[in-house]
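What follows is one structure encoded as C-alpha cells, with my remarks underneath.
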Amino acid sequence: MNVCFIMCPWHKIIPEQDTTLRLIHECILRNHTVAMTTTHNLTMRDTVASAFCNVFVKKSKVPEKAIDFYEKAVFQNVGLPLSGFDVIVMRADPPLDVLALNFLDSVHDSVFFVNDIDGLRIANNKLYTASFDDPEHRFIPITHVSKNQEYLENVLEDSPAQKMIMKPLDGYGGKGVILIEKRARHNFKSLLDYYINNRQGGSYVIMQEYVKGADKGDIRILILNGEPIGALRRVPSPGEVRSNVHAGGRPVKHNITDKEMELCRHIGPKLIRDGLFFVGIDVINCKLIEVNVLSPGCMVPINRLNKVRLQEKVIDFVENVIRIKDSIAIRKSEFRKAIEDANNI
Ligand SMILES: Nc1ncnc2c1ncn2[C@@H]1O[C@H](COP(=O)(O)OP(=O)(O)O)[C@@H](O)[C@H]1O
Ligand SMILES: [Mg+2]
C-alpha cells in the first residue's frame, strides 16, 4: 500500500508515547510505502491536490522497536499528488484545521481516509456526543451548550446537583475544563463572561452534569471500525478534576465492563456511518464524555499494560479495506472489458 500520514512534524513526536509513530512503524515493518506530511505542507499544484512529503527510505533491516526506528529513520523530501495514495491517515493534532480539509476534498473519492474528512468536520467538537440518540441519559451526560450567558447562569441555578463541569466547546487536552460549585456562584458570572467573550464572535460554552466517579479517573477506550480494541483508566493527580495525560493523568490497567461494551455498541454503528474508523472515547461511569477523532492517543500505555500491539489491528483493518477496494476495481475493469469486447464482435 501507499500510505500518507498527515500529522505533526516528525521532530515534535515524543517517541516513548506516540501512537502515530507506532502506526507508521507497523506499516514500514510490513513493507508498505509510507509518506508523512503536515497540514502546512498541503499544496494545490495546478489544480492537483499535492503535499510536500517526507517519504521513508526503505532499508533492508527495520529496527524492531519503534523508538529505535524513530532515531534511525531516513526520508526523502518530495512533492507528491495525494490521489496516488491508497490511504491517508489523518493524525494532525487538534484543533482541526478546517481549511486544510478543503485540499483533501478533491481526492475524497479516490483515497481511503482514516478518519473520513466529512466525519472529522462533524465530529471535531464536543457537540458530536449529542448526535447519539439517548433522551434518557443512559450514556450521554446532561449537557447544555450556549453562548447565552443568562441561560447558562440559570442552568447552574436550576441544577439539582451542587456542582457542574464547565468547558469550552472546542477545547482539547483538558484545557479550560473546570468544576463549578453552586456555593461559589459569585465567581461564576465573571468566569462565564470570560469563557464566552474571550474572542470576537464569542465562544460556545458547555455546562455539563458532573459525572459521579470522575475523581477515580476516566476510561479511554480505543474503537476500531465500531468495536472496542483496548482501554485504560487515567487517574487524575490529587486535587485535579481532569484525567487527561496532559494534565498529569496516570494510566492504569482497565478491563472493559459489560456496561461500557453496551455504550460501544450504542455508538459503534454511527461512528462507522460517519467514517470515524479509529477513535478514542472518554468515558466516566459508563457515560460518554467525548469522542476524540483527530489523533486519538493512549495506544502505547494500553499496549504496555496488556502486552498487546494494537497497531497490528489498526493496520490489519486498513489493509483489509484496501484489499477489498482493489479487488472491486480489478473486477470492474474486467467487466468493462467484457462489455467493450461485446461491441467488437
Ligand atoms: N461531565 C464531567 N464530569 C466529570 N469530569 C469531567 C466531565 N467532563 C470532563 N471531565 C474531566 O475532564 C477531562 C477532560 O474533559 P473532556 O471533555 O474529555 O475534554 P478534553 O477535550 O479537553 O479532553 C475528562 O477526561 C474528565 O477527567
Ligand atoms: Mg478528553
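None of the figures in this text is laboratory data; all of them are computed from the coordinates on show. Since we're looking at a predicted model, the values are computed, not measured. Cβ placement follows ideal geometry from the backbone for every residue including glycine, while neighbour counts extend to all protein chains displayed.
Can you tell which of Ile324, Ile339, Ile328, Ile315 is in contact with a helix residue (DSSP H, G or I) (Cβ under 6 Å, 6 or more places away or on another chain) and either in a helix (DSSP H, G or I) or farther than 27 Å from Ala123 by Cα (or both)?
Result: Ile315 is the single residue among Ile324, Ile339, Ile328, Ile315 that is in contact with a helix residue (DSSP H, G or I) (Cβ under 6 Å, 6 or more places away or on another chain) and either in a helix (DSSP H, G or I) or farther than 27 Å from Ala123 by Cα (or both).
If the condition is being surrounded by fewer than 20 Cβ atoms within 10 Å (Cβ to Cβ) and β-branched (Val, Ile, Thr), then the stretch 238-274 contributes Val241, Val245, Val252, Ile256, Thr257, Ile272. Just one of the listed residues (Pro141, Pro135) is assigned to a loop (DSSP other than H, G, I, E, B) and touching a residue at least 12 places away in the same chain (Cβ under 8 Å), and it is Pro141. As a summary of the residue check, Pro228 satisfies the conditions (1) within 30 Å of Asp193 (Cα to Cα); (2) surrounded by fewer than 20 Cβ atoms within 10 Å (Cβ to Cβ) except for the one numbered (1).
Residue-by-condition table, conditions (1) over 29 Å from Phe112 (Cα atoms); (2) away from ligand 1 (no atom under 15 Å from the Cβ):
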site: Ser237; (1), (2): yes, no
site: Glu240; (1), (2): yes, no
site: Ser243; (1), (2): yes, no
site: Val252; (1), (2): yes, no
site: Asp258; (1), (2): yes, yes
site: Met261; (1), (2): no, yes
site: Val291; (1), (2): no, no
site: Asn306; (1), (2): yes, yes
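Here the stretch 287-318 is the region considered, the condition is being of a type in the set (D, E, K, R) and crowded, with 16+ Cβ neighbours inside 10 Å, and the residue that is farthest from Asp258 (Cα to Cα) is Lys313. Note on the stretch 166-182: residues that are over 19 Å from Thr129 (Cα atoms) and within 12 Å of ligand 2 (Cβ to nearest atom) total 0.
For the stretch 277-323, filtering for residues that are within 17 Å of Pro15 (Cα to Cα) and either more than 11 Å from ligand 2 (Cβ to nearest atom) or not small (Gly, Ala, Ser) (or both) leaves 12. Going by the conditions given, is Asn344 assigned to a loop (DSSP other than H, G, I, E, B), more than 24 Å from Pro95 (Cα to Cα) and over 16 Å from the mean Cα position of the chain (by Cα)? Here the answer is yes, as Asn344 does meet what is asked. Number of residues in the stretch 191-226 that are assigned to a strand (DSSP E or B), more than 10 Å from ligand 1 (Cβ to nearest atom) and under 20 Å from Pro168 (Cα atoms): the value is 1.
Within the stretch 183-224, being hydrophobic (A, V, I, L, M, F, W, C), over 30 Å from Leu23 (Cβ atoms), within 16 Å of ligand 2 (Cβ to nearest atom) and buried (at least 21 other Cβ atoms within 10 Å of the Cβ) holds for one residue alone: Ile206. For the condition among the β-branched types (Val, Ile, Thr) and farther than 18 Å from Asn115 by Cα, Val48 qualifies.
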